[in-house]
Amino acid sequence: MKLFTFGSKDIGIDLGTANILMTLKGKGIVLKEPSVVAIDKKTGEIKATGHEAKEMLGRTPESIKAVRPMKDGVIADFTATGLMIKNMLKKVSSRYNVGRPRVLVGVPSGITEVEERAVEESVMQAGAKEVYLIEEPMAAAVGAGINIAEPSGSMIVDIGRRNNRSCSNIIRRNCSK
């Protein structure tokens, strides 16, 4: 079964604890912002996401809460995560005329079924037509060009970020620079 077909409006999301990345098929990375959302406590509406919300951390009035809704790669605050994804998907959709995209989300390999459902529901509520989840190590292998259908040994080491550059690498690559 082919997951995505040519010409469709497909978005890939890396929901990270520190940053969220969104890629658009054929365009590459189209959004890279901190995983932070500022919400009005009274109305529940979004005041800011990403860089703008990060600047608000610890500096908001009583009526606004700025939070990091992800913890250890999984959703800690379902409502805030949904609002953050919705806002960021809206940014990408309006900028690139996407509409209701199919979305592929990278999730940690140790995620529970409840956490999987939380991710799927957040993305669906954000306006996705369809949602697919892929474990991050599998996504890294595919991205590195490893044929995942072949029975061969490869090691992928994900040590997070260092000096604002990705350190998710195939073991042949040195990330100590």
Checklist entry - Residues of the stretch 8-30 being more than 15 Å from residue 104 (Cα to Cα) and either assigned to a strand (DSSP E or B) or at pLDDT 95 or above (or both), which ones? => result 19
Next on the checklist: Would you confirm whether or not the stretch 41-48 contains a residue that is at pLDDT 90 or above, buried (at least 18 other Cβ atoms within 10 Å of the Cβ), in contact with a helix residue (DSSP H, G or I) (Cβ under 8 Å, 6 or more places away or on another chain) and closer than 24 Å to residue 138 by Cβ?
Outcome noted: no
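Take the conditions surrounded by fewer than 21 Cβ atoms within 10 Å (Cβ to Cβ), hydrophobic (A, V, I, L, M, F, W, C) and within 22 Å of residue 133 (Cβ to Cβ) and apply them to residue 103. Does it pass?
Spelling it out, it is not the case that residue 103 is surrounded by fewer than 21 Cβ atoms within 10 Å (Cβ to Cβ), hydrophobic (A, V, I, L, M, F, W, C) and within 22 Å of residue 133 (Cβ to Cβ).
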Item to check | Number of the condition not met by residue 80 [criteria: (1) in contact (Cβ under 8 Å) with a residue 24 or more places away in the chain; (2) over 18 Å from the mean Cα position of the chain (by Cα)] | outcome: (2)
Item to check | Selection from the stretch 93-121 of residues that are under 23 Å from residue 140 (Cβ atoms) and assigned to a loop (DSSP other than H, G, I, E, B) | outcome: 101, 108, 109, 110, 111, 112
Checklist entry - If we scan the stretch 58-66, do we find a residue that is under 12 Å from residue 84 (Cβ atoms), assigned to a strand (DSSP E or B) and in contact (Cβ under 8 Å) with a residue 40 or more places away in the chain? => result no
Checklist entry - Considering the stretch 39-54 alone, what residues qualify as being β-branched (Val, Ile, Thr) and either part of a loop (DSSP other than H, G, I, E, B) or free of Cβ contacts under 8 Å to residues at least 24 places away in the same chain (or both)? => result 43
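So, residue 55, is that one within 14 Å of the chain's Cα centre (by Cα) and over 20 Å from residue 134 (Cα atoms) or not?
Considered against the rule, which asks whether it is within 14 Å of the chain's Cα centre (by Cα) and over 20 Å from residue 134 (Cα atoms), residue 55 comes out as no.
The values are calculated or read from the model by the stated rules, or taken from the named source; none is laboratory data. Computed from a prediction, not measured in an experiment: that's the story for all the values here. Cβ coordinates were reconstructed from backbone atoms using ideal geometry, including for glycine residues, and neighbour counts include every protein chain displayed.
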